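First comes the structure, then the notes that go with it.
Just so you know, all these numbers are worked out from the coordinates, no wet-lab data involved. What you see is a predicted model, and the numbers here were worked out from it, not measured in a lab. Note that we place each Cβ from the backbone using ideal geometry, even for glycine, and neighbour counts take in every protein chain shown.
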Amino acid sequence: MQKLVYFQKEQYDTREYPLELSNTRMGKGYLDSADHLVNKPFSLENKNAFAITDQQALMRKLIFPEAFPLNERYHLRASDYNLIYTFMSKLPPESDYPKYNPDDFWPTYAKMLYYGRKKDAVMDQNIRIFNKYGDSYGFIIDNSYFVDFKNKIEYFLTAVVHSNDDGIYNDEKYGYEDVCYPFVEKLGRLIYDYEKSRPKEVQPDLKRMRMDYH
């Protein structure tokens, strides 16, 4: 039986949060809302901004909250962490809600920092990747925590890659397939091979990262 466990009315923050950003212009032109070419650099002002250092700090605090002072930790319960870990590492075929179309969301769909964007990538059943990725304007980012249960490996890896050969934005002609995805796949494999061969004085206890996906 389904029941409502929590309800909160919609709300929004009316405060303004000005950002003092630099290097917000790039390229040599862009297509405007009418698909007309504007021959001047594309501006990222008023776009979403989330510094890579902040993203990495967020990931570290999520995975190892005990490594931070109490006043720097998130106000989350053990069950909250478990929920977050589960959905960060769950694969599309393991999801019942939502139910994903396998033609559009294959098993390794969101795990670029190891599998790239290959639909036929062979999955390593010993590896779980807890991550958040995104792509826009020729950029891709993958912020990840890797776990290999068999070989006792764990590490953080974050990468941002950009490709736009013609310097024009909003034309959807970026180098995702040719540059970005192959690069992060090779980077992820390279770091994994290094971590697998690197001697470790302390073996990690990875039991808490084993999630129930059913």
Footprinting exposure proxy for ILE140, ILE168 (fewest neighbouring C-beta atoms within 10 Å first): ILE168, ILE140
With axes computed from alpha carbons, what is the tilt in degrees of helix 181-197 against the longest principal axis of the chain, rounded to the nearest 10 within 0 to 90? 30 degrees
Mind ordering 16-29, 118-131, 175-188, 61-74 by average Cβ neighbours within 10 Å, highest first? 175-188, 118-131, 61-74, 16-29
By how many nm would the segment from GLU20 to SER95 grow when fully extended, if each residue of separation counts as 0.36 nm and the alpha-carbon distance is taken off? 23.0 nm
For the range 1-129, build the charge dipole from Cβ charges (+1 Lys, Arg; -1 Asp, Glu) around the Cα centre, then report which of TYR81, THR53, GLN125 sits farthest towards its positive end. GLN125
Check: C-alpha center the range 1-36 vs C-alpha center the range 116-160, spacing in Å is 25 Å
Any chance you could give the angle, 0 to 90 degrees and rounded to 10, that helix 78-89 forms with the longest Cα principal axis of the chain? 60 degrees
Over the chain, the sum of -39500 (n - 2.57) across DSSP H runs of at least four, divided by residue number and rounded to 500 deg cm²/dmol, gives at 222 nm -6500 deg cm²/dmol
Please compute the modelled spin-label separation between ASP104 and VAL160, points set 7 Å along Cα→Cβ, answer in nm with one decimal. 2.9 nm
So the angle from the long Cα axis of helix 52-63 to the longest Cα principal axis of the chain, reported in degrees to the nearest 10, equals 20 degrees
Can you compute the label reach from ASP124? Point 7 Å from Cα along the Cβ direction, backbone N cut-off under 14 Å, restricted to the range 170-192. 185-192
Read through the labelled values [x] 11.0; [y] 14.3; [z] 16.8 and report the label of the one computed as mean projected area of the Cα convex hull in nm² from the structure. [z]
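Taking the Cα centre of the chain as origin, work out the dipole magnitude from +1 charges on Lys and Arg Cβ and -1 charges on Asp and Glu Cβ, in debye rounded to 20.
840 debye
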Backbone N within the range 195-213 under 19 Å of label point (7 Å from ARG73 Cα along the Cβ vector): 205-210
